[in-house]
Protein chains: 2
Amino acid sequence: MNLRIQDILEYVADPAMPIEPTVDKLEYGNPDSTVKGVVVTFLATQEVINKSKDLGVNLIITHEGIFYSHWDKREMLKTDPVYLQKRQTIEESKIAIFRLHDRIHKRTPDGIAKGLLQFLEWQDYEVKNLPAASILTIPETSLEEAILHVKKRLGLKFVRYFGDPKMICRRIGLLAGYRGGGELVIPLLEKESLDLVIYGEGPEWETPEYIRDAVQQGKNKALIVLGHAESEMPGMEYLAQKLQEKFSSIPIYFLSQKSVFQIF
Amino acid sequence: MNLRIQDILEYVADPAMPIEPTVDKLEYGNPDSTVKGVVVTFLATQEVINKSKDLGVNLIITHEGIFYSHWDKREMLKTDPVYLQKRQTIEESKIAIFRLHDRIHKRTPDGIAKGLLQFLEWQDYEVKNLPAASILTIPETSLEEAILHVKKRLGLKFVRYFGDPKMICRRIGLLAGYRGGGELVIPLLEKESLDLVIYGEGPEWETPEYIRDAVQQGKNKALIVLGHAESEMPGMEYLAQKLQEKFSSIPIYFLSQKSVFQIF
């Protein structure tokens, strides 16, 4: 039986889910084409597209926008050489690209958050599943041990953190992606009696400065910042696993990215 | 002669400069009070306020908002224990606090950007001064040498970067604070033929992913991310120096913050 791109998309992005406006869309390709293979990734970088060609797939499912903008504002890029070369690679490859952002976050539970929880092997510790955060009660562990666990499970070379490495953590708020902002996290710290917040990315002058003040006041608070991609890749890898279980007749690959930053 | 708080504020924040809306305001204190001493800082943290009490000053000039929000949204904090304790410390201290954000950025040249340039000792290399960026042409240097220079001059334990440490840099775009976004930086890279961008903070899926793709395409591009506070503290320290020159009869201190993040 021939599997069409549309069949895959209906499985990963429930068309009955009402989301407007949405960034989810088939950016390139024809929904009626037969699927030869699928690459799932956090962001279809130039490298991911090159590798996808080598793998012989004809569909890439990407979480973030391929042209450096959440809302896909391409106006500024019209004459940009990096954009033009990437676009040419995509067009010549004939690979379809689907952006899957809103419809994986809006699942219950959030598909990206669920993948992160699975990869951290903390799913049994989740005591509350909020639309933008998982609340966990873990066995008592030091901040240092929590950092080592997170780095090992997610394969990270470094994390940024604030707090006393010896501090004992029990209540954790876990937020994937760009959910580290103060308006979301600060009320959660109080309401959920969190010791430790772990998020992907957020403004530096909001939650981190709150945690700094809290620690200065003698309160038991700490923060680990994973990085945006680092916090959302597990969710996309989890999706790739589910997709392979569902569609066993075609090859499905998860392509990870190295951290976009190194430390010096 | 008695110096009033208002006299200091008129010097640091030109009242004739039309900026609406603005976050600049005297958050606490009476403009007619006599100034005993001034602390200048990037952010009046709990620690900065405690130290200011010890120093016996009665005016703090802070660049960023003291309650974890650019627009000073305090509604979410009404019952928050960290907020309440910090507010109590401020009120009991009787220290005036002035937020100086827009009126230092809107100077020509931007006072924060100018301080960063001075601290980097790169002022002679500036070839263009844009409202949100300095364009520099430096003698040929490797990315690694540029990183070492920046870390040494700003006293940083680490920076995040992307690029080949051996890459030769000549054209630099330098952007203090939260000016790392793609809509600002990406057109600048092309228009100004930049090899290297150095900014304070910005969304991870925009400029960094553009630089990653550019490098993958074989282009000579690199990125150094300083941190928000790390990039704006020099501008406030520079202001403190100017203030001390102008008002030599009162003690003026610059209080720096450690980086809000450590690396593990």
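The values are calculated or read from the model by the stated rules, or taken from the named source; none is laboratory data. Remember, predicted model here, so these are calculated numbers, not experimental data. FYI the Cβ positions are ideal-geometry reconstructions off the backbone, even for glycines, and counts take in every protein chain you see. Accessible surface is based on the protein model in full, side chains and every heavy atom, while ligands, DNA and RNA are left aside. Shrake-Rupley method; radii C 1.70, N 1.55, O 1.52, S 1.80 Å.
Using θ = phi - 60° in the Karplus curve 6.51 cos²θ - 1.76 cosθ + 1.60, the 3J(HN,Hα) couplings for the range A:192-207 round to 9, 6, 7, 8, 9, 10, 10, 9, x, 8, x, x, 5, 8, 9, 4 Hz; x is entered for Gly and Pro. Between copies, A:K73 shows label-point distances of 2.0 nm, shortest first, with the point placed 7 angstrom from Cα along Cα to C-beta. In this structure the amide hydrogen of A:S142, modeled in the peptide plane, comes within under 5 Å of the amide hydrogens of A:C169, none closer than 5 places in sequence on its chain. Other residues within the sphere of radius under 11 Å centred on the Cβ of B:I168, judged by their own Cβ, net out at -2 (K and R +1, D and E -1). Among A:W205, B:W122, the order of accessible area from largest down is A:W205, B:W122, computed with a 1.4 Å probe on protein heavy atoms. Once the Cα atoms are used to define both axes, helix A:182-191 deviates from the longest principal axis of chain A by about 50 degrees. Taking amide H as placed 1.01 Å from N in the peptide plane, the amide H of B:R4 sits under 5 Å from that of B:V35, each at least 5 places away or on another chain.
Across identical copies of the chain, B:D7 has label-point separations of 8.2 nm, listed in ascending order, with the point defined 7 angstrom from Cα along Cα→Cβ. Across B:K36, B:K114, B:K246, mean-square fluctuation computed from a Gaussian network of chain B (C-alpha pairs under 10 Å connected) peaks at B:K246. Among residues of chain A, the one whose beta-carbon sits closest to the A-to-B rotation axis is listed with its distance in Å as A:I263, 3.
Across every pair of non-identical alpha carbons in chain B, the mean reciprocal distance, once inverted, gives a Kirkwood radius of 19.6 Å. Accessible area drop of at least 40 Å² (1.4 Å probe, protein heavy atoms): which residues of the range A:185-228 qualify, relative to the chain alone? Correct list: A:I186, A:E190, A:E201, A:E204, A:W205, A:E209, A:Y210, A:R212, A:D213, A:Q216, A:Q217, A:K219. Based on Cα atoms of the range A:111-226, Rg over Rh with Rh as the Kirkwood radius reads 0.91. For the range B:21-36, 3J(HN,Hα) computed residue by residue from phi via the Karplus equation (6.51, -1.76, 1.60; θ = phi - 60°) reads x, 9, 8, 5, 6, 7, 6, 9, x, 10, x, 8, 5, 6, 7, 9 Hz, glycine and proline entered as x. Placing unit charges on each Cβ (+1 for Lys and Arg, -1 for Asp and Glu) gives the protein assembly as shown a dipole about its Cα centre, and among B:A16, B:V260, A:L43 the Cα reaching farthest toward its positive end belongs to B:V260. Among the chymotrypsin sites (Phe, Trp or Tyr not before Pro) in the range B:33-84, those located in a DSSP loop and surrounded by at most 15 other Cβ atoms within 10 Å of their own Cβ are B:W71. Dividing the helix sum by the residues of the protein assembly as shown, where each DSSP H run of 4 or more adds -39500 (n - 2.57), gives a mean residue ellipticity at 222 nm of -11000 deg cm²/dmol. Residues whose amide H comes within less than 5 Å of that of B:Y28, counting only those at least five positions distant or on another chain, are B:I97 (H built at 1.01 Å from N in the peptide plane).
For A:V127, inter-copy separations between label points set 7 Å beyond Cα along the Cβ vector come to 6.0 nm, shortest first.
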